[in-house]
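The values are calculated or read from the model by the stated rules, or taken from the named source; none is laboratory data. What you see is a predicted model, and the numbers here were worked out from it, not measured in a lab. Neighbour counts are summed over all protein chains in view; Cβ atoms, including those assigned to glycine, are modelled from backbone coordinates with ideal geometry. The protein model used for the area step is the full one, side chains on, heavy atoms only, and it has no ligands, DNA or RNA in it. Shrake-Rupley method; radii C 1.70, N 1.55, O 1.52, S 1.80 Å.
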Amino acid sequence: GFLAFLCLVIGVTCHSSKFAIVGDSHLLLNYDPNAPIKHIHCRGNGSVEAANEYGKYGCDTPVILFNATLNSMLHVIPDPDFIVYIGDFVAHHTKTQDEVYQNMARTAQMLRDAYPKTLVFPLLGNEDFFPDYISTAGDSWFTKIATNLYPELLGVSDTFKVGGYYSHLLPGSSN
């Protein structure tokens, strides 16, 4: 389907690949199921309905829920060729750049723990900057993320450091 079309358009020979796409986890590191709903990054009408350890619909993701998601993924696709994380690692309304970085670091580590031999290509979403939505091409933020959180991408990530995108041949493909 799409991969074959992509290979034809860019003129490379492709092999079958298994990959996973993950995104929008909006991981909330300090989730407290006993906190009032309005304090745990929920969208909507500020409902006072109780949350539980796995969170609440419309709220950012507790660590335990993201771990459960990764465990389920392992049953569906235990050995993908690569993973694309499509951004928004970070909980909504994060207060500092350090909190954004710590959130991204935790998500990267959780992915690495679940899939230690799989290359992960992180893309940045609007919540993955501080303040939200603000970045410029070549920003040192790109370099910090690529170098510190995804060292296995060194060499692959040179384009990410200057513009936030990747160029990488998959095993078995040629140009």
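Multiply the residue gap between LEU74 and GLU53 by 0.36 nm, knock off their C-alpha separation, and tell me the result in nm, one decimal place. Walk me through the numbers before you get to the answer.
On the way: separation 21, 0.36 × 21 = 7.56 nm, distance 2.16 nm.
Separation in residues times 0.36 nm, less the Cα-Cα distance, equals 5.4 nm.
Can you pull the one-decimal nm distance between simple spin-label points at LYS117 and HIS92, each 7 Å off the Cα toward Cβ?
4.0
Which of rounded, prolate, oblate describes region 65-121, given a ≥ b ≥ c as roots of the alpha-carbon gyration tensor eigenvalues and a/c under 1.5 marking rounded, otherwise prolate only if a/b is larger than b/c? Show your work: numbers first, answer last.
Details: a/c = 2.52, a/b = 1.98, b/c = 1.27.
Prolate is the answer for region 65-121, as a/c is 1.5 or above and a/b outweighs b/c.
Any of LYS117/LYS144; LYS56/LYS95; LYS18/LYS95; LYS18/LYS117 with alpha carbons more than 25 Å apart? Name them for me. It would help to have the intermediate numbers written out before the result.
Working: LYS117/LYS144 22 Å; LYS56/LYS95 22 Å; LYS18/LYS95 37 Å; LYS18/LYS117 14 Å.
Checking Cα-Cα distances, LYS18/LYS95 exceed 25 Å.
Considering only protein heavy atoms, what is the solvent-accessible area of ASP88 at a probe of 1.4 Å, reported in Å² to the nearest 10?
ASP88 has an accessible surface of roughly 20 Å² with all protein chains in place.
Top to bottom by accessible area (1.4 Å), largest first, where do MET73, MET104 land?
Values: MET73 30, MET104 0 Å².
Ranked list, largest accessible area first: MET73, MET104.
Report the calculated FRET efficiency for TYR133 and ASP32 (r = Cβ-Cβ distance, R0 = 35 Å), to the nearest 0.05.
After rounding to 0.05, the efficiency reads 0.80.
Roughly speaking, what is the stretch gain from ASN126 to ASN148, that is 0.36 nm per residue apart minus the C-alpha to C-alpha distance, in nm to one decimal?
Working: separation 22, 0.36 × 22 = 7.92 nm, distance 1.99 nm.
Once the chain is fully extended between ASN126 and ASN148, it gains 5.9 nm.
With a 1.4 Å probe and every protein chain left in place, tell me how much accessible area VAL76 has, in Å² to the nearest 10.
In the full protein context, VAL76 sits at about 120 Å².
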